[in-house]
Amino acid sequence: MVISDLNQFITMLPKLIRENDAVKGSIITALAGVMTTRDDITALIAEMDKRFMTMQEQLDKRFETLQEQLDKRFGAWQVQLDKRFEIAENLLFRIAQDQVGMLFVVSEIKKICDQMQQL
C-alpha cells in the first residue's frame, strides 16, 4: 500500500467498521490477542479485589495481635503502678500518723516544761 492508499483506507475504516460486519469481525479478531476485553478487565479487577481483601485481613490480624500485646503490657504496667501508688499512699499515711503522734508528744513535753518552769 502506498501512503495515499493508506490515508484513504484510514479515512474509510470507520465507515467500513460500522457498515460491514466482516470487517468489524476481522478487526476484533486481530485485536483480540493484543487488546484486553471488558471481561478480561472485570476478571483482573475481581482478582485484585481478592488480593486486596486478603492483604487487608492479614493487616487486621496483625493489628489485633499487636493491640492485644499492647493491652497486656499496659495492664501489667498499670498493676505495677497501682502497687507503687498504694505503697506510697501507705507510707504517706504512716508519716502523717507519726507526725500527729509527734505533735502530741511535743505538746505534752511542752506542757511538762511549762509546769516545771512554774515550780
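Here, each number is a calculation from the coordinates, and none is a lab measurement. Treat the numbers as computed from the prediction; the structure is a model and nothing was measured. Note that each Cβ is placed from the backbone with ideal geometry, even for glycine, and that neighbours are counted across all protein chains shown.
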Axial C-alpha extent at least 15 Å, average Kyte-Doolittle at least 1.0 - helices from the chain (DSSP): 21-32
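Length gain on complete extension for the stretch Val100 to Asn7, per 0.36 nm per residue less the alpha carbon to alpha carbon distance? Write out the running numbers ahead of the final one.
Details: separation 93, 0.36 × 93 = 33.48 nm, distance 11.07 nm.
Going from the current span to full extension adds 22.4 nm.
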222 nm mean residue ellipticity, helices alone, for the chain (DSSP H n ≥ 4; -39,500 (n - 2.57); rounded to 500): -34000 deg cm²/dmol
Listed residues Ala76, Ala96, Ala46, most fluctuating in the chain (Gaussian network, C-alpha, under 10 Å): Ala96
Among Leu92, Val23, Leu59 the positive-end extreme of the charge dipole of the chain (Cβ point charges): Leu92
